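Trainee: Take this structure, written in structure tokens, and hold onto it; I'll ask about it next.
Just so you know, all these numbers are worked out from the coordinates, no wet-lab data involved. Keep in mind the model is a prediction, meaning the values are calculated, not measured. Reconstructed Cβ throughout: ideal geometry from the backbone, glycine too, with neighbour counts over all protein chains shown.
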Amino acid sequence: MKNPAPAIFPPDGIGEGAPANQAVLDWVHEIAILTEPENIFWCDGSDRENEFLVSESLKQNVLIELNQKRVPRSYLHRSNPNDVARVEQFTFVCTPTKEEAGPTNNWSEPAETYKKLRGLLQGAMRGRTLFVIPYIMGPPDSPLAKVGFEITDSKYVVLNMRIMTRMGEVAVKRLGNDPEAEWNRGVHSLLDINPERRFICHFPQDNAIISVGSGYGGNVLLSKKCLALRIGSYLARKQGWLAEHMLILGVESPEGKKHYVAAAFPSACGKTNFAMLIPPEHFKGWKITTVGDDIAWMQVRDGRLYAVNPENGYFGVVPGTSHQSNPNAMRSIAHDTIYTNVALTDDGDAWWEGKNGDPPEHAIDWRGNDWSPDSKEKAAHPNSRFTTPMRNNPALDRDVENGGGVPISAIIFGGRRSDTVPLVYESFDWARGVYLGATMASETTAAATGKVGQIRRDPMAMLPFCGYNIGEYFQHWLDIGKRLTDPPRIFSANWFRKDADGKFLWPGFGENMRVLKWILDRCEGSGGALKSPVGWLPSPHDLDLSGLDLDHKCVAELLCIDHEEWQNEIAAHKTFFDSLGGVVPQQLLDQRKELAARFKE
Ligand code: GTP
Ligand code: SPV
Ligand code: MN
């Protein structure tokens, strides 16, 4: 794959949206001199521009047209099989000192790293087009909104960024002419899609990102994990707010009482599904609306925590998405969607494992090979994704554009734990909730390269995304709590506990409403609970389980705190804290001892 993106030459009026800001012009000029592109394309985000880029992408096989009757204006993209997920081992935080990046990040020295990356970028866009993408993260009128510019030589990146961010003139306008204004500089080049030349590098002090050698998702849509989380968390600490790997949902009772809830689950652990939940029949009259499905930016105002979703679309896991598991997602991805690494049926539709209906007798798999139900390989890659505008979501919350954000009543931390962690419990207070988040663990998934199913500590689901020292991050969470007079309550949830035969004990998906209902009851002071060593735990009759086919034994297992398992868990907390080499705040170290002591009471 020598030249994955030859230059394109748009007709007049397309690709000419250069901004007036001299700082942006100077930076683009500098990168163009380095990368030597055939031409520069200034994106304005218009429909006409998008149509042109889609038609060029179809010509160059960057996109494959799907059956336009079935999935209008939707396309399939196949990434290189060596490039199908985030690469944590090649992701770097480049701060002046290693301590600033902290024990959980790969660190590399900024000057050396710039030098190495400049070497790789030298002439990298020869014969190609350099695209400049202006974008805003957050509702444009939000005090938290951030402007970014991404330079890329990938049309796929441009098309995805148009869905995932508020892209084009709106960002150019918001930035204005001030050469001193704050904005993020992102440079991306495909190079030759070689894992040996794949680096995702962040320079928090410079508000800059350089990503080379990949064409996939979180590695290259620099607005998302790179800006909104890694650089975002760094800025958030400096500026006194929180940038978190959290969904945000609204939940309204039949009486019209509304709460907002934020939840941090690691990658591929259920954020999009939870954010789009449709309550089961039993909860008639309850309504869930989506503010965001992956990232929350939260600030303190009048003693409460308010959240905005910085994104404009969803980059969601495809396999397992069906009319049963997630009807709102199915409706969202029925049009105007880019599918990455799913299978293609003979009649031009997208297919994946877990979709409704029988598997097709024949399809082309995500690599482009013939596939049939007898094949050993999966038709869609386990980390295949849809990119779809949030406007497609029939359950979009009405306050999604509210720059002030929505007030958060509860925060949930959860991961994939086949044992130990009960279905749900509430921490005793904010500081204990911070401990709960800091010590959470989850089994690894296909969202990142590497082994799947390995238990690892993933504090606040931010292990791969915290852009600075994790000890300071914990302290920042504790400090934010001191500014909250009406803090959200903090909960732990685990949809993934298994029985002795390895089957999920909890039905999950829409039925998670039952857990959410208990959480809301707790927020309103009405939910019953027992005091356990880990926090407030519902007894079986505190949860509304009516109409669910779950036997007593199963419910008991779901809500069980097994002392032996928790001895191991608390020991694992210690191992984790010790592995961080002295950066963990004393308050959290003390809490571990208190937790251990509560088990002995
Ligand atoms: P990222 O986009 O990687 O951040 O993932 P996410 O956290 O948004 O996860 P998502 O909702 O896409 O779900 C990932 C996988 O978990 C899918 O295969 C879902 O089918 C599965 N899943 C989601 N919710 C549940 C649940 O309640 N129970 C069970 N058993 N599986 C679930
Ligand atoms: C995640 O891995 O948490 C994602 C997908 O949301 S990616 O954008 O690839 O990071
Ligand atoms: Mn995510």
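Trainee: Mind putting a number on the dipole of segment 120-212 about its Cα centre? Charges go on the C-beta only, +1 for Lys and Arg and -1 for Asp and Glu, and I need it in Debye to the nearest 20.
Mentor: Roughly 320 debye, rounded to the nearest 20.
Trainee: For segment 77-208, what size does the Cα cloud have along each of its three principal axes, sorted from largest down, in whole Å?
Mentor: 40, 38, 26
Trainee: Return the distance in nm (one decimal) between the two label points of a simple spin-label model at GLU180 and ASP419, each offset 7 Å from Cα along Cα→Cβ.
Mentor: 6.0
Trainee: Size of the dipole of the chain about the Cα centre, Lys and Arg at +1 and Asp and Glu at -1 on the beta carbon, nothing else charged, in debye to 20? Mind showing how you got there, number by number?
Mentor: On the way: 65 positive and 76 negative charges, 121 e Å.
Here the size comes out at about 580 debye.
Trainee: While we're looking at this one, here's another question. Do the alpha carbons of any pairs in LYS59/LYS451; LYS155/LYS224; LYS116/LYS155; LYS115/LYS225; LYS553/LYS600 sit beyond 28 Å of each other, and which pairs?
Mentor: Details: LYS59/LYS451 36 Å; LYS155/LYS224 17 Å; LYS116/LYS155 25 Å; LYS115/LYS225 24 Å; LYS553/LYS600 26 Å.
Exceeds cut-off: LYS59/LYS451.
Trainee: Another question, if that's okay. In segment 268-403, what percentage of the DSSP-assigned beta bridges are antiparallel, given to the nearest 5?
Mentor: 95
Trainee: With θ taken as phi - 60° and the coefficients 6.51, -1.76 and 1.60, list the Karplus ³J(HN,Hα) couplings across segment 381-391 in order, rounded to whole Hz; mark glycine and proline as x.
Mentor: 5, x, 9, 5, 9, 10, 10, 9, x, 4, 4
Trainee: Now for a different question. Based on C-alpha coordinates, I'd like the Rg and Dmax of segment 420-523, in Å.
Mentor: Rg, Dmax (Cα atoms, Å): 15.5, 46.
Trainee: How much length, in nm to one decimal, is gained on full extension between LYS451 and SER46, taken as 0.36 nm per residue of separation minus their Cα-Cα distance? It would help to have the intermediate numbers written out before the result.
Mentor: Details: separation 405, 0.36 × 405 = 145.80 nm, distance 4.11 nm.
Going from the current span to full extension adds 141.7 nm.
Trainee: With each label point set 7 Å from Cα along the Cα-Cβ vector, what nm distance links LYS116 and HIS563?
Mentor: Spacing of the two 7 Å Cα→Cβ label points: 5.1 nm.
Trainee: Moving to a separate point now. Which value, in debye to the nearest 20, describes the size of the charge dipole of segment 462-601 about its Cα centre when Lys and Arg Cβ atoms bear +1, Asp and Glu Cβ atoms bear -1, and nothing else is charged?
Mentor: Magnitude of the dipole: close to 340 debye.
Trainee: Can you find, among SER539, ASN369, ALA85, the residue farthest towards the positive end of the dipole of the chain? Put +1 on the C-beta of Lys and Arg, -1 on that of Asp and Glu.
Mentor: Farthest towards the positive end: SER539.
Trainee: Search the structure for amide H atoms under 5 Å from the amide H of LEU191, placed 1.01 Å from N in the peptide plane, and list their residues when 5 or more places away or on another chain.
Mentor: GLY213
Trainee: Follow-up question, since we're still on this one. What distance in nm separates the simple spin-label points at ASP302 and SER579, each placed 7 Å from Cα in the Cβ direction?
Mentor: 4.3
Trainee: Here's another thing I want to ask about it. Rounded to a whole number of µm²/s, how large is the Stokes-Einstein D of the chain at 20 °C and 1.002 mPa s, given Rh as the Kirkwood radius over C-alpha pairs?
Mentor: D, rounded to a whole number, is 87 µm²/s.
Trainee: Under 17 Å between alpha carbons, and skipping anything fewer than 8 positions from LYS517 in its own chain: which aspartates and glutamates qualify?
Mentor: Partners within reach: GLU252, GLU255, GLU281, GLU426, ASP542, ASP544.
Trainee: Gap in Å between the Cα centre of segment 484-525 and the Cα centre of segment 339-404?
Mentor: 28
Trainee: Let me ask something else about it. Give the lysines whose C-alpha is closer than 28 Å to that of LYS593, dropping any in the same chain fewer than 8 places away, or say none.
Mentor: LYS482, LYS531, LYS574
Trainee: Once you wrap a convex hull around the alpha carbon atoms of segment 167-252, what is its projected area averaged over all directions, in nm²?
Mentor: If you wrap the Cα atoms of segment 167-252 in a convex hull and average its projections, you get 8.1 nm².
Trainee: Would you calculate, for the chain, the mean residue ellipticity at 222 nm contributed by helices, counting each DSSP H stretch of 4 or more residues as -39,500 (n - 2.57) and dividing by all residues, to the nearest 500?
Mentor: -7500 deg cm²/dmol
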